Amino acid sequence: MTRQTASPWSWAAAGALAGLVLATLLNAPARWLTGPLQQALGGRLVFEDARGTLWAGSARLVLAGGAGSSDAATLPGRLSWLLRPHWSGLRAVLQADCCMQQAWRLSVQPRWGGARLALEDSLSQWPALWLTGLGTPWNTVRAEGQLTLSTQGLAVEWAAGRLLLAGRAQLDAAQISSRLSTLKPMGSYRIILQGGATPGFALETLEGSLQLSGSGQWVGSKLRFEGLASAAPERLEALSNLLNIIGRRDGARAIIKVG
């Protein structure tokens, strides 16, 4: 019984097919990345006018209210990205023209039954007005001011259906004002997110006539938060409408409860 060998044409066809697959992957359009991301995020984050390839592209970043919502707000400038395969997974570099003093450098590592996403220490600044795109209550409050986000050792891991958070993130909201109040600005605030077995966060007032405080935790996939909002006595009239929106009124203060 003679052994048959593949003809030169078979090898050529196989090589051409492999080359075609490789060329397709290397030149895959940016929408191959942005489309699945939008879907996974429930339409809350939209990538408009995507250009380039899956590996090196850019788009306009839009915050939206999700399915059925007409609310949307576009971030100034463009967001660009670079993706590179790595022996341990995937490396990514993100740069927003408007808001990042330094590029975000991320790594994605597949794990048994999940994956780990880690962000190198970073510092960025974002316009508070961008949050109006998320719809209620942000479009009602219509906050203006500057948001400064810093992270240290921040990492998120999905394992066996659980979300695990490590590291720390701090969000400073400076000189915040709202269309619901004639007082401008109302104050400056800080939110600190701390990872661990039970991730928690705290809200505090840095300065201003609107006083905000509270703390919360993620228990499983649910957020629980309790806080208070109050106004300096001489500013109560100017801040009354906003207190009505923030939480349940109790005299000169509002009680905030989530979960």
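Figures for the structure shown
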read-out	value
Near-label residues of region 106-123 by backbone N, under 15 Å of a point 7 Å along Cα→Cβ of Arg168	121-123
q = 0.17 Å⁻¹: log10 I(q)/I(0) that the Debye formula gives for region 29-123, counting C-alpha atoms only	-0.84
Residues in region 199-220 reached by a label modelled at Val156 [backbone nitrogen below 15 Å; 7 Å Cα→Cβ]	199-200, 218-220
Leu129 - accessible surface, heavy atoms, 1.4 Å probe, Å² rounded to 10	60
Surface share of carbon and sulfur [accessible, 1.4 angstrom probe, percent] for the chain	59
Value in Å of the Kirkwood radius, where region 166-238 supplies the Cα pairs that are averaged	13.4
Radius of gyration and maximum dimension Dmax of the chain, Cα, Å	23.8, 101
Calculated from backbone phi, Karplus (6.51, -1.76, 1.60) coupling profile of region 57-74 in Hz, x at Gly/Pro	x, 8, 7, 8, 9, 10, 8, 9, x, x, 4, x, 9, 9, 7, 6, 9, 9
Separation in nanometres of the label points that stand 7 Å from Cα toward Cβ, at Gln175 and Arg31	4.1
Value of relative contact order over the chain, rounded to a whole percent, pairs C-alpha under 8 Å and six or more apart	9
Total formal charge among the other residues, if their Cβ is under 11 angstrom from that of Leu75, Lys/Arg +1 and Asp/Glu -1	0
Relative contact order %, region 73-198, counting alpha carbon pairs below 8 Å whose residues are six or more apart	17
Within-14-Å neighbourhood charge of Gln102 [Cβ basis; K, R +1; D, E -1]	-2
Region 107-259: translational diffusion in µm²/s, Stokes-Einstein, Kirkwood Rh over Cα pairs, 4 °C, 1.567 mPa s	77
Net charge, Val62 excluded, C-beta distance under 14 Å - Lys, Arg +1, Asp, Glu -1	0
The chain: calculated mean residue ellipticity at 222 nm from DSSP helix runs of at least 4, using -39500 (n - 2.57)	-5000 deg cm²/dmol
Region 126-188 - percent relative contact order, Cα under 8 Å, separation 6 or more	29
For region 70-149, convex hull volume per residue from C-alpha positions, Å³	130
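The values are calculated or read from the model by the stated rules, or taken from the named source; none is laboratory data. Note that the structure is a prediction, hence the values are computed from the model and not measured. Reconstructed Cβ throughout: ideal geometry from the backbone, glycine too, with neighbour counts over all protein chains shown. Please note that ligands, DNA and RNA were not included when accessible areas were found on the heavy atoms of the full protein model with its side chains. Shrake-Rupley method; radii C 1.70, N 1.55, O 1.52, S 1.80 Å.
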